[in-house]
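The values are calculated or read from the model by the stated rules, or taken from the named source; none is laboratory data. Model, not experiment: these values are computed from the prediction. Cβ placement follows ideal geometry from the backbone for every residue including glycine, while neighbour counts extend to all protein chains displayed.
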DNA sequence: TCCTGTACTGAATCAAGAC
DNA sequence: TGTCTTGATTCAGTACAGG
């Protein structure tokens, strides 16, 4: 794309093909509310890795993850960060995800560029790949950095109460426990292999977008890949702009995002974990797509109803709050276990929402 | 301290007063097994912070945590890292702990200095300070970086099996859940205030030292503070060198460490890796009469068989070689651990030949 | 329908020692 | 120094076949 081309309007909910730095430079300045970036990690792998059973691990070998040196990587980082900074509104913010291979360099470059770090967030994976050789600690997490445009800018979006509601009325912490992207959510190519080597789970983006954007905001992802950011943005009523170089990813992302509208209910089968049960906030059911925002919940006799919001809070006709608080409220009680009180409709029948919690627990293990 | 002063011997289990860079430069090169560093975090606090009940939070306001700019902090970081690198043995390693204020800069400087990151470790606090103003996520973790002296150096200490044992026979992950330092462990000064604003829990150092040092190793802490590293090192039978500028911290650390009782050597034995057990060639089993030449070995399903020869080689129907080579051959694999693949018959049952190796090792140990 | 066993997989800077 | 041999090493989860 020529340097002279400029977008005359914001290309909302589109995927633009090309180099992300050139594309960002062609967008109007101060036009975007949030940048979410999952840049190349600059892995430096040597040779093949086999599991103890001699099967081969299918690692990241793509050309886009290859950099000649730290210096080259730093230059690339500084350039795309500068471009992102220009298009961000003064009240905007940026998220970047990475691992120990690159996150220190990205974080330092962020600070050098004038961004102001609000939090570093640890994504603790419930099901990471083990260390097969027994030579290190299992690499069980990735790091996200959330930063605003500058220290001076005191206005920024942080939906504190939504995050608190998502975590059952406790402040959301800087460590998030979420499974990696597998199963039906993981996109496959024509041959049945994974379409993208590093697809992120939608639950992660759900939390990021819910925390730091409002409906109608514009979210730009300069490393769009197969479009997790776009899919979640659409689901949550945010606008996205996706930048991506590769045809095959764009194709997959387009098909994926188009299908988001018809969000069909997931298979709700329940597997009970035998292990000790980890705490599952109600908001996680929404985050993980087991309950859509807007779903109506009922008491066992169907005499009262309440609606689920995107942050896991409930709304009844005269109050808003957690499943427990609203359950107590509608009964005129001091307290109530919302997990057994509230039911959702499936196949015309009412089932307690606790069933869904059990499903999540089974998927999470003890973590 | 003058630049000319050099230590003629390793000042083991001492606290040296002065600037950590000058002191490290006065130590002999390649003399230390591990550096554990808890450098100033370069916090950038503005004004006082009060709790919701209007009580004042007693934060870090000490002069040693003040730096004029990122550039100043980076220069300081590069200098102490270079000094630490010089005194580290080639097989040595370094740990650094920090928060989002400084850890990205420290991590990038580590990589630039040639250190090779093995893991970043997340210390997940069970009881973090909440975010009183509701403006961010609760900052509930700190980050540690574990790095070896270089990527080429393949020899380093990692007590994999001890870590696995510590985690109920599952690989130790990169996220550690530990409470912050409170209660009796937290040192107080004469007035009853906390003696040091950022005292780390001993449990954290316990895990670090157990994982990456052996009894008798020398552990240097350039930012010794009130001596958590020294206290745990003494307890675990490691030698420490503490560098610290401030009188009051040195005084507190000395009293603290004096009160620590070392564990008995026998209690400090940890689960050993099989790699460190004496090597027993398969032929030794034949040599020592545990297997007669001509004995037939089977895979676990008895679908293939091979015969033992007097020199410890195996013969199957179309090949001859070591237990590993023939094990791989009959399975059509690249590699195979013959010790667990091949089984011998005893009392009509199949048992892995590894049992016989263990028997030999036990006999060798008592010999 | 439910349970069991087998096969497969995920951002991974993944070996060490003898000769 | 490189080459070759030895032999150490995995967790949570999904998918599917078979009983």
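Summary of values
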item: Single condition residue B:77 does not satisfy, out of (1) in contact with a strand residue (DSSP E or B) (Cβ under 8 Å, 6 or more places away or on another chain); (2) crowded, with 18+ Cβ neighbours inside 10 Å; result: (1)
item: Residue in the stretch B:278-292 that is within 16 Å of DNA strand C (Cβ to nearest atom), loosely packed, with under 15 Cβ neighbours inside 10 Å and on the phi > 0 side of the Ramachandran plot present; result: no
item: Enumeration of residues in the stretch A:235-257 that are at pLDDT below 95 and either closer than 27 Å to residue A:347 by Cα or not assigned by the TED database to the domain that holds residue A:21 (or both); result: A:235, A:236
item: Qualifying residue in the stretch A:231-244 (condition: in contact with a strand residue (DSSP E or B) (Cβ under 9 Å, 6 or more places away or on another chain), in a helix (DSSP H, G or I), within 14 Å of chain B (Cβ to nearest Cβ) and surrounded by 15 or more Cβ atoms within 10 Å (Cβ to Cβ)); result: no
item: Condition met for residue A:51 (away from DNA strand C (no atom under 13 Å from the Cβ), exposed (fewer than 15 other Cβ atoms within 10 Å of the Cβ) and within 14 Å of another protein chain (Cβ to nearest Cβ)); result: no
item: Test for residue B:48: is it assigned by the TED database to the domain that holds residue B:151, touching a strand residue (DSSP E or B) at 6+ places or on another chain (Cβ under 9 Å) and at pLDDT below 95; result: yes
item: Odd one out for residue B:312 among (1) surrounded by fewer than 17 Cβ atoms within 10 Å (Cβ to Cβ); (2) within 15 Å of DNA strand C (Cβ to nearest atom); result: (1)
item: Tally of residues being within 16 Å of DNA strand C (Cβ to nearest atom), more than 14 Å from chain A (Cβ to nearest Cβ) and in contact with a helix residue (DSSP H, G or I) (Cβ under 7 Å, 6 or more places away or on another chain) across the stretch B:322-367; result: 2
item: Enumerated strands (runs of 3 or more DSSP E) restricted to the stretch A:70-185, each holding at least 3 residues that are at pLDDT 95 or above and away from chain B (no Cβ under 12 Å); result: A:88-98
item: When residues of the stretch A:116-145 are limited to those that are in contact (Cβ under 8 Å) with a residue 24 or more places away in the chain and in contact with a helix residue (DSSP H, G or I) (Cβ under 7 Å, 6 or more places away or on another chain), the one farthest from DNA strand C (Cβ to nearest atom); result: A:117
item: Residue, farthest from DNA strand C (Cβ to nearest atom), within the stretch B:255-265, restricted to residues that are assigned to a helix (DSSP H, G or I) and surrounded by 14 or more Cβ atoms within 10 Å (Cβ to Cβ); result: B:256
item: Residue match in the stretch A:172-192 (condition: more than 17 Å from the chain's Cα centre (by Cα) and away from DNA strand D (no atom under 16 Å from the Cβ)); result: no
item: Residue in the stretch A:293-305 that is closer than 20 Å to residue A:161 by Cα and part of a strand (DSSP E or B) present; result: no
item: For residue B:39: the one exception among (1) more than 25 Å from residue B:144 (Cα to Cα); (2) surrounded by 12 or more Cβ atoms within 10 Å (Cβ to Cβ); result: (1)
item: One residue from B:263, B:303 being modelled with pLDDT under 90 and within 30 Å of residue B:14 (Cβ to Cβ); result: B:263
item: Candidates A:150, A:174, filtered to the one that is more than 13 Å from DNA strand C (Cβ to nearest atom) and crowded, with 19+ Cβ neighbours inside 10 Å; result: A:174
item: Test: residue in the stretch A:28-37 that is modelled with pLDDT under 95, more than 10 Å from chain B (Cβ to nearest Cβ), within 14 Å of DNA strand C (Cβ to nearest atom) and in contact with a helix residue (DSSP H, G or I) (Cβ under 6 Å, 6 or more places away or on another chain); result: no
item: Hits in the stretch A:212-230 - residues which are touching a helix residue (DSSP H, G or I) at 6+ places or on another chain (Cβ under 8 Å) and surrounded by fewer than 22 Cβ atoms within 10 Å (Cβ to Cβ); result: A:223
item: Residues located in the stretch B:277-294, provided they are free of Cβ contacts under 8 Å to residues at least 24 places away in the same chain and more than 9 Å from DNA strand D (Cβ to nearest atom); result: B:289, B:292, B:293, B:294
item: Qualifying residue in the stretch B:266-274 (condition: part of a strand (DSSP E or B) and loosely packed, with under 10 Cβ neighbours inside 10 Å); result: no
